[in-house]
Structure formats: C-alpha cells, structure tokens
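Visitor: Here it is: the structure, laid out below.
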Amino acid sequence: MATHAPTPEIPDVAHNLARFRTRVLVAGAIVLCAFGMLGARLVHLQIARHEDLAAQAEGNRTAIVPVVPQRGQILDRNGVVLASNYSAYTLEITPSKAGNVEETIDRLAEVVDIAPRDRRRFKRMREDARSFESLPIRSRLTDEEVARFAAQHYRFPGVEINARLFRQYPLGETGSHVLGYIGRINQREKAAMEDWDEDEQANYRGTDHIGKLGIEQSYEKQLHGQTGVDVLETAASGRAVRELSSHRASAGNTVMLTLDIQLQKLVEDLFGERRGALVAIDPRNGEVLAMVSKPTFDPNAFVEGIDQDSWQELSESIDKPLLNRALRGTYPPGSTYKPFMALAALQQGVRGARDIVNDPGYFNYGGRRFGSPEGNLGAVDMRRAIQHSSNTYFFSLAVDMGVDAIHDFMAPLGFGQITGIDLPGEVRGVLPSMDWKRQAYKRADQGRWFPGETVSLGIGQGYNNFTMLQLAVAEATLAAGGIKHQPHLVRALQDLSSGQITPQPQPPGEDLHFAPRNVDVVRDGLVAVIKEGTGKQVFAGAAYSAAGKTGTAQAVTLRQGAKYNARAMEEHQRDHSLFAAFAPVQAPQIALAVIVENAGWGAAAAAPIARRVFDYWLDPHRSERAEEVH
C-alpha cells in the first residue's frame with residue numbers, strides 16, 4: 001500500500017502579521033510611555049524642583065559654618081571689668097565619629113593630660129547632648145599639648161582641636177550672685193528655644209553656652225551678639241577648599257552696671273564667713289549700689305561644666321552658697337518694720353505723733369502676755385517708741401490698725417511684692433492679710449484670721465516674711481519722702497563696634513503721697529536711734545548724719561513663756577541681726593537693708609556693716625580712689 005507524505009501546513013500570514021503589529025504597537029506604547037515618564041520627570045526636576053535641587057547641589061559643593069559672636073563684657077559703674085572673654089584651645093570629641101569613646105579617651109590620655117574630673121564632666125555633658133555634637137574633654141590646652149596631639153591626629157577619628165572663647169570672671173566670687181554665670185545649653189533649654197521665632201533660633205546656631213543666673217541670664221540676648229556665617233567651598237571628602245563669602249559676627253553689647261564693685265567687695269569681706277545679705281540703693285533713682293549674698297561661689301567653676309563633687313558640695317551645703325539671699329531669701333524684718341508701722345498710723349490717722357502709750361514691758365491681749373525685752377519704758381510717744389524700739393507701743397498699734405489696714409499701707413511700699421528688679425528669680429515673700437490666709441490654707445478653720453495673730457505683725461514678726469531687696473526699697477522710699485523708684489542693676493548698654501552708649505530706660509518714680517510732716521516724725525525717730533539709741537555707739541564720730549533702725553528677728557518660734565537663750569540653741573536657730581538706714585539725713589544718697597543670719601542683736605552685727613558702707617559711699621575722696629583702680 002502506497003504511503004503519502006504529509007501535507008505541509010501553510011502559515012497563516014495574515015494572523016502572524018496581525019500579531020506582530022500588535023506586539024510592535026504594545027512595545028511602541030511602552031517605549032512612548034517610558035519616554036513620556038522620563039519627559040515628565042525631566043520637566044518636574046528641571047522646572048518644578050529647580051530651585052530646591054539647585055540648593056541641594058550648592059549644598060553638596062558648599063558648607064555653611066556659623067560664626068559664634070564674642071560675648072559682651074560686664075562692667076561696674078566705674079568701668080571695672082566683671083566678666084570678659086579669653087581664647088584657648090579645646091580638645092573635643094564627637095561621639096558618633098569616635099567609635100568606642102572610652103577607649104578613645106584612654107588613648108588620648110597618653111598624649112595629653114586628662115584628669116578624672118575631665119572624664120566626669122565629659123560623661124555628664126554627653127548625657128545631655130546628642131551623639132553628633134562636639135563635646136570638650138579638655139580645655140585650655142598648652143601649646144606643647146596642641147603640638148603633641150597634632151602630630152598624632154590621624155590616630156583619633158572624631159577628635160579635633162578647636163580655638164574657642166571662654167567666659168572669665170576676673171574677680172572670682174565677688175558679686176557672683178549678681179553676675180550669675182554661663183554654662184552649656186542643656187536639653188530643657190534647647191526645648192524652650194524651639195518656641196523662639198526663627199531669627200532668634202538662627203542666632204543661636206553654633207552657640208554652646210547660655211546665661212544661667214543673674215545678669216548673664218537676664219541680659220542674655222544683649223550679651224550674646226549676632227551670629228555670623230562663613231560659606232566654604234568643599235571637596236567631595238568634605239574638606240574645605242576655600243572661603244566663598246563671609247558675614248562677620250557682631251559682638252554682644254557691653255552691659256554697664258550700677259554696682260560699685262569696690263563697695264560690693266568691702267561688704268563681702270565684712271561678712272567674712274557669716275551668712276546674710278545686704279542691698280544698698282540710691283534713693284534718688286533706684287540704682288542698686290551693692291547687692292551682697294553670703295556665702296558666695298566662684299562662677300568660673302561653671303563655665304566649662306562643674307564636676308559632680310564640686311556641685312554636690314555647693315548644692316548640699318547647709319549654708320546654701322547658691323541661694324541669692326538678697327533676692328530669694330525671706331526673713332521677718334523685726335524692729336526695722338516699726339518705722340513703717342509708725343508712718344502707716346500717721347497716714348491713716350490711727351495714732352498721732354504725740355499720743356502717749358504706757359509701756360510696762362509687756363502687752364496683754366486675748367489672755368496672752370506679749371513680752372518686750374526693752375523693759376519698762378513708761379510713757380512713750382511715737383518718737384521715743386521708735387528710738388527705744390518699744391514692742392508694747394507697736395503691739396498695741398497693730399491691734400488698733402488691724403491686719404488688712406497694715407497690708408494696704410505696706411504693699412505700695414514693696415513689702416511682699418515683686419519689685420521688678422532686672423534679675424531673674426525674685427520671690428514675693430509674705431505680706432499677710434485675711435484674704436492671704438484664706439488662700440494659703442485649704443481648711444476653713446486654718447484659713448481664719450485670729451485677732452491675736454495681728455499683735456506680732458506690729459514688730460515685724462508673725463507671718464511677715466520679706467527679702468532684703470524689699471526692705472531696702474522701702475527704706476529708700478522713706479528716704480526719698482515717699483517717691484518710690486524701681487530698683488535696677490543696669491545703667492546702660494554699649495555697642496562694641498560704634499562705642500555708642502545707650503542708657504537703659506527706667507519708669508518714673510511713683511509718688512506714694514506721704515505727708516511731709518509724717519515723714520519728718522518718722523525720720524526724727526530714726527535719727528534718735530543713731531544719736532541716742534541702739535545705733536549711738538556704732539555711729540559715734542561719723543562725719544555725716546544718718547537715720548536708721550536696728551532689728552532682731554526670730555529664726556525659729558519659741559514656745560509661749562520660753563526665754564531666748566542663744567548659748568543653748570543651735571547656731572542656725574539663733575536670732576537674725578538686721579539694720580535698715582539711709583544717709584545723709586537731709587539729702588539721702590544711699591539707703592540700705594542688711595541681715596546677718598543668726599548673729600543676734602542688730603546693733604552687734606548688722607549695724608557695724610552699715611556704718612562701713614556709709615563711710616565708704618559718703619567719703620569725698622571715694623571717686624578719686626575708684627578712678628585709680630580703674
């Protein structure tokens with residue numbers, strides 16, 4: 001049977017052609033779509049994002065480096081430098097670039113001296129900083145140490161030597177509570193800066209330190225200056241090739257204080273190792289001439305970061321050297337309050353200058369006997385009551401006036417009020433009233449004011465608690481005949497580049513409208529204290545007239561009927577010594593308030609300090625000596 005070869009299949013040309021055309025169309029569409037996407041992307045990059053990408057490209061080619069400005073100086077009223085700057089080399093580590101930081105520090109210690117306190121300080125700063133921040137491990141390197149490190153720089157990635165400006169307080173502890181100090185910006189401060197406007201934030205780029213207390217803090221923005229900018233061309237490795245442009249930093253303003261640093265140091269030396277505070281004010285304009293808080297501290301210790309041991313010693317000391325007692329320490333004013341009670345009685349018509357009160361050496365009220373250590377003075381009028389500090393007279397006066405009338409007169413004088421001084425951290429203290437007690441105590445029975453509580457207010461005890469700044473402001477107001485000036489520490493700012501001095505504007509004095517005859521009565525009583533009373537011995541032979549009042553205030557409350565015995569008490573429980581005064585009497589140039597803690601009678605400790613202050617300030621040759629020092 002014959003076989004036939006299979007018939008070959010005839011290709012379907014039309015079908016294949018159609019399928020090929022479909023493939024070509026799909027491929028063409030894909031290619032067209034791809035070119036369309038590329039074109040769209042090109043348009044987006046070249047047009048829509050041109051400025052952004054151009055900036056990025058420029059950023060890859062250039063580096064913008066902030067130039068930290070020189071911090072302004074602080075001067076006293078005679079031009080003595082209290083805070084300045086100096087340049088020194090610093091060895092710094094950037095933790096994110098240094099690998100094992102502890103090993104790096106160990107190897108560095110073989111090249112330059114790194115003390116245990118340097119390690120502790122670095123560890124504390126590292127806890128508060130980000131890993132990419134450059135932190136100092138050693139400051140103030142010698143030229144020899146710089147040379148040794150430079151020769152081995154290649155061994156230490158992430159470690160650099162930088163020249164930095166450091167804050168310096170040439171007089172050390174003198175005036176430290178007024179000046180404050182600067183320190184590294186911590187995380188809390190960085191978080192607070194986020195609320196600043198953009199220009200202020202930009203001005204602190206590159207800045208590591210900020211004012212922490214005192215004038216350094218309250219005048220931070222004036223002292224800081226304006227940050228500059230260097231624009232550098234960089235290689236691919238990040239190395240700077242050349243400077244493209246530069247905008248110079250503007251140094252901070254010089255802050256010129258009202259403080260006389262010679263007077264400040266004199267008072268601090270007079271206190272010695274004793275605790276206390278003194279504020280001296282010019283009653284004619286509110287300028288603070290001295291503001292002393294003892295003990296003091298050395299602000300230089302904080303500039304590079306204080307070590308843990310030193311910080312513990314300061315913060316845990318029973319003497320509280322970091323507490324500004326003049327601004328934040330509150331005390332009962334004791335008998336220094338009595339002249340203001342007398343003025344209140346005269347102004348409110350509660351008692352006349354010649355009204356007689358019998359002082360048998362005690363005052364009975366509400367079934368309780370209030371003692372008077374001055375003894376049996378017999379019949380006393382207002383002048384004698386001030387001169388001899390009659391407790392009985394002022395006990396009865398307080399009862400006659402009542403707590404709210406006392407409050408309403410004392411508040412405008414500044415007692416228990418924020419004075420508005422140009423320093424941070426001022427406290428209000430306590431000027432009691434019925435309303436104050438209701439708010440201070442939650443329970444209704446505790447918030448009720450009892451008549452017997454009014455008695456002690458008349459002699460500056462009880463709930464009364466004021467700062468020496470408030471007492472000094474009140475004394476200055478009395479000296480000025482009822483014109484109250486806001487206390488201030490800064491007289492003017494000086495632009496470093498132009499030398500222009502701009503006085504700091506101050507509000508006009510506030511007239512409290514004291515009747516001159518009433519002021520004269522109180523002034524006569526205060527003069528009698530100096531001439532015939534408790535201040536007689538201290539001010540014997542003074543070449544000027546003075547008016548003042550000694551005071552003794554309880555540090556702890558004694559139980560009823562108990563007698564005060566300093567020798568039987570712990571030193572921190574003994575009475576405080578106070579004195580408030582002004583001079584010369586007819587044309588006052590200085591008013592002050594001083595407290596020496598736990599030092600007993602006002603005439604024994606506080607008044608002698610005031611005498612030396614007046615001797616210095618009213619010395620006709622003082623300005624000549626100040627110029628010699630300057």
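The values are calculated or read from the model by the stated rules, or taken from the named source; none is laboratory data. Here the structure is a predicted model, which means the values were calculated and not measured. Cβ sites come from the backbone with ideal geometry, for glycine too, and all protein chains shown count toward neighbours. Accessible surface is based on the protein model in full, side chains and every heavy atom, while ligands, DNA and RNA are left aside. Shrake-Rupley method; radii C 1.70, N 1.55, O 1.52, S 1.80 Å.
Visitor: Please verify whether the range 332-349 includes one or more residues that are β-branched (Val, Ile, Thr) and out of contact with any Lys or Arg (no Cβ under 7 Å at 6 or more places or on another chain).
Guide: Here is the first cut: in the range 332-349, the ones β-branched (Val, Ile, Thr) are 336.
With the extra rule that they be out of contact with any Lys or Arg (no Cβ under 7 Å at 6 or more places or on another chain), the set shrinks to none.
No: the range 332-349 contains no residue that is β-branched (Val, Ile, Thr) and out of contact with any Lys or Arg (no Cβ under 7 Å at 6 or more places or on another chain).
Visitor: If the requirement is being surrounded by fewer than 16 Cβ atoms within 10 Å (Cβ to Cβ) and modelled with pLDDT of 90 or more, which of these qualifies: Gly99, Gly79?
Guide: Gly79
Visitor: Name, by its number, the condition in (1) over 29 Å from the mean Cα position of the chain (by Cα); (2) of a type in the set (Val, Ile, Thr); (3) at pLDDT 70 or above that does not hold for Ile595.
Guide: (1)
Every residue, every condition in (1) of a type in the set (Ser, Thr, Tyr); (2) over 19 Å from the mean Cα position of the chain (by Cα); (3) at pLDDT 90 or above; (4) buried (at least 18 other Cβ atoms within 10 Å of the Cβ), yes or no:
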{"site": "Glu273", "(1), (2), (3), (4)": "no, yes, yes, no"}
{"site": "Leu278", "(1), (2), (3), (4)": "no, no, yes, yes"}
{"site": "Pro283", "(1), (2), (3), (4)": "no, yes, yes, yes"}
{"site": "Ala290", "(1), (2), (3), (4)": "no, no, yes, yes"}
{"site": "Pro295", "(1), (2), (3), (4)": "no, no, yes, yes"}
{"site": "Pro299", "(1), (2), (3), (4)": "no, no, yes, yes"}
{"site": "Lys320", "(1), (2), (3), (4)": "no, no, yes, no"}
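Visitor: Would you please list the contacts, defined by Cβ atoms under 6 Å and residues six or more apart or on different chains, that run from a residue in the range 160-173 that is more than 22 Å from Pro95 (Cα to Cα) to a residue that is among the charged types (D, E, K, R) and not in a loop (DSSP other than H, G, I, E, B)?
Guide: So the pair list comes out empty.
Visitor: Hydrophobic (A, V, I, L, M, F, W, C), more than 29 Å from Asp575 (Cβ to Cβ) and in contact with a Lys or Arg (Cβ under 8 Å, 6 or more places away or on another chain), is that true of Ala480?
Guide: yes
Visitor: Here is a further query. Is there any pair with a first residue in the range 74-98 that is without any contact (Cβ under 8 Å) to a residue 40 or more places away in the chain and a second that is among the polar types (S, T, N, Q) and open to solvent by 10 Å² or more (accessible area, probe 1.4 Å) whose Cβ atoms are under 8 Å apart and which are 6 or more apart or on different chains, and what are they?
Guide: Pairs found: none.
Visitor: Please give the number of the condition Asp118 fails out of (1) surrounded by fewer than 17 Cβ atoms within 10 Å (Cβ to Cβ); (2) closer than 20 Å to Gly183 by Cβ; (3) modelled with pLDDT under 85; (4) out of contact with any helix residue (DSSP H, G or I) (no Cβ under 7 Å at 6 or more places or on another chain).
Guide: Tallying (1) surrounded by fewer than 17 Cβ atoms within 10 Å (Cβ to Cβ); (2) closer than 20 Å to Gly183 by Cβ; (3) modelled with pLDDT under 85; (4) out of contact with any helix residue (DSSP H, G or I) (no Cβ under 7 Å at 6 or more places or on another chain), Asp118 fails exactly one: (1).
Visitor: Still on this structure, I have one more. Go through the range 157-167 and report how many residues are surrounded by 14 or more Cβ atoms within 10 Å (Cβ to Cβ) and modelled with pLDDT of 85 or more.
Guide: 6
Visitor: Further question on the same structure: Name the pairs whose Cβ atoms lie under 8 Å apart, with the first residue in the range 449-472 and farther than 22 Å from His485 by Cα, the second of a type in the set (A, V, I, L, M) and at pLDDT below 95, and 6 or more positions between them or separate chains?
Guide: Gly460/Ala553; Gln461/Ala553
Visitor: Hey, another quick one. From the list Tyr393, Tyr337, which residue is in contact with a strand residue (DSSP E or B) (Cβ under 6 Å, 6 or more places away or on another chain), under 25 Å from Leu471 (Cβ atoms) and in a helix (DSSP H, G or I)?
Guide: Going through Tyr393, Tyr337 in turn, the sole match is Tyr393.
Visitor: While we're on this one: Could you pull out the residue among Thr174, Thr142 that is buried (at least 16 other Cβ atoms within 10 Å of the Cβ) and not basic (Lys, Arg)?
Guide: On the way: Thr142 fails: buried (at least 16 other Cβ atoms within 10 Å of the Cβ).
Sole residue among the options that is buried (at least 16 other Cβ atoms within 10 Å of the Cβ) and not basic (Lys, Arg): Thr174.
Visitor: On to the next question. So, in the range 384-414, exactly how many residues are buried (at least 22 other Cβ atoms within 10 Å of the Cβ), among the β-branched types (Val, Ile, Thr) and without any contact (Cβ under 8 Å) to a residue 60 or more places away in the chain?
Guide: So the count comes out to 2.
Visitor: Suppose we keep only residues that are crowded, with 18+ Cβ neighbours inside 10 Å and hydrophobic (A, V, I, L, M, F, W, C) within the range 484-511. Which one would you say is farthest from Val279 (Cα to Cα)?
Guide: Restricting to residues being crowded, with 18+ Cβ neighbours inside 10 Å and hydrophobic (A, V, I, L, M, F, W, C), the top hit is Leu493.
Visitor: May I ask you to verify whether Ala353 is part of a loop (DSSP other than H, G, I, E, B), in contact with a Lys or Arg (Cβ under 8 Å, 6 or more places away or on another chain), on the phi < 0 side of the Ramachandran plot and at pLDDT 95 or above?
Guide: Answer is yes for this residue.
Residues are listed down the side, and each one gets a yes or a no for (1) of a type in the set (Ser, Thr, Tyr); (2) farther than 22 Å from Thr550 by Cα:
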{"site": "Gly452", "(1), (2)": "no, yes"}
{"site": "Tyr463", "(1), (2)": "yes, no"}
{"site": "Gln470", "(1), (2)": "no, no"}
{"site": "Val473", "(1), (2)": "no, no"}
{"site": "Ala476", "(1), (2)": "no, no"}
{"site": "Gln506", "(1), (2)": "no, yes"}
{"site": "His513", "(1), (2)": "no, yes"}
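Visitor: Can you name every residue in the range 601-623 that is of a type in the set (A, V, I, L, M, F, W, C) and at pLDDT below 90?
Guide: Trp601, Ala603, Ala604, listed by residue number.
Visitor: Name the pairs: first residue in the range 501-516 and farther than 15 Å from Ala479 by Cβ, second residue assigned to a loop (DSSP other than H, G, I, E, B), Cβ to Cβ under 7 Å, at least 6 apart or on different chains?
Guide: Gln506/Gly286; Gln506/Gln486; Pro507/Gln486; His513/Gly482
Visitor: Determine, yes or no, whether Arg428 is open to solvent by 50 Å² or more (accessible area, probe 1.4 Å) and more than 25 Å from the chain's Cα centre (by Cα). Break it down stepwise before answering.
Guide: Details: open to solvent by 50 Å² or more (accessible area, probe 1.4 Å): yes; more than 25 Å from the chain's Cα centre (by Cα): no.
Answer is no for this residue.
Visitor: When you go through (1) modelled with pLDDT under 95; (2) under 19 Å from the mean Cα position of the chain (by Cα); (3) assigned to a helix (DSSP H, G or I); (4) not acidic (Asp, Glu) one by one for Ser310, which number turns out not to apply?
Guide: (2)
Visitor: With the checklist (1) surrounded by 15 or more Cβ atoms within 10 Å (Cβ to Cβ); (2) touching a Lys or Arg at 6+ places or on another chain (Cβ under 8 Å) in hand, flag the one item Ile93 doesn't pass.
Guide: Here Ile93 meets the rest and fails (2).
Visitor: Okay, moving on. Mind checking which pairs have a first residue in the range 203-216 that is touching a residue at least 12 places away in the same chain (Cβ under 8 Å) and a second that is surrounded by fewer than 19 Cβ atoms within 10 Å (Cβ to Cβ) and acidic (Asp, Glu), Cβ under 7 Å, 6 or more apart or different chains?
Guide: Correct list of pairs: Ile210/Glu189; Ile210/Glu220; Gly211/Glu220.
Visitor: Among residues belonging to the range 524-568 that are assigned to a helix (DSSP H, G or I) and open to solvent by less than 40 Å² (accessible area, probe 1.4 Å), point out the one that is modelled with the lowest pLDDT.
Guide: That would be Ala566.
Visitor: Tyr154: within 18 Å of Met125 (Cα to Cα), hydroxyl-bearing (Ser, Thr, Tyr) and either in contact (Cβ under 8 Å) with a residue 24 or more places away in the chain or open to solvent by 70 Å² or more (accessible area, probe 1.4 Å) (or both), yes or no?
Guide: No; evaluated as a whole, the condition is false for this residue.
Visitor: Tally up the residues in the range 464-483 that are open to solvent by less than 40 Å² (accessible area, probe 1.4 Å) and part of a strand (DSSP E or B), please.
Guide: Count: 1.
Visitor: Additional query: How many residues are open to solvent by 50 Å² or more (accessible area, probe 1.4 Å) and either within 20 Å of Phe302 (Cβ to Cβ) or at pLDDT 95 or above (or both) if we restrict to the range 223-262?
Guide: Number of matching residues: 1.
Visitor: Out of Arg71, Arg130, I need the residue that is within 36 Å of the chain's Cα centre (by Cα) and at pLDDT 90 or above. Which one?
Guide: Arg71
Visitor: Could you list, in sequence order, all residues of the range 366-383 that are modelled with pLDDT under 95, under 21 Å from Thr552 (Cβ atoms), open to solvent by less than 80 Å² (accessible area, probe 1.4 Å) and in a strand (DSSP E or B)?
Guide: Answer for the range 366-383, where residues must be modelled with pLDDT under 95, under 21 Å from Thr552 (Cβ atoms), open to solvent by less than 80 Å² (accessible area, probe 1.4 Å) and in a strand (DSSP E or B): Phe370, Gly371.
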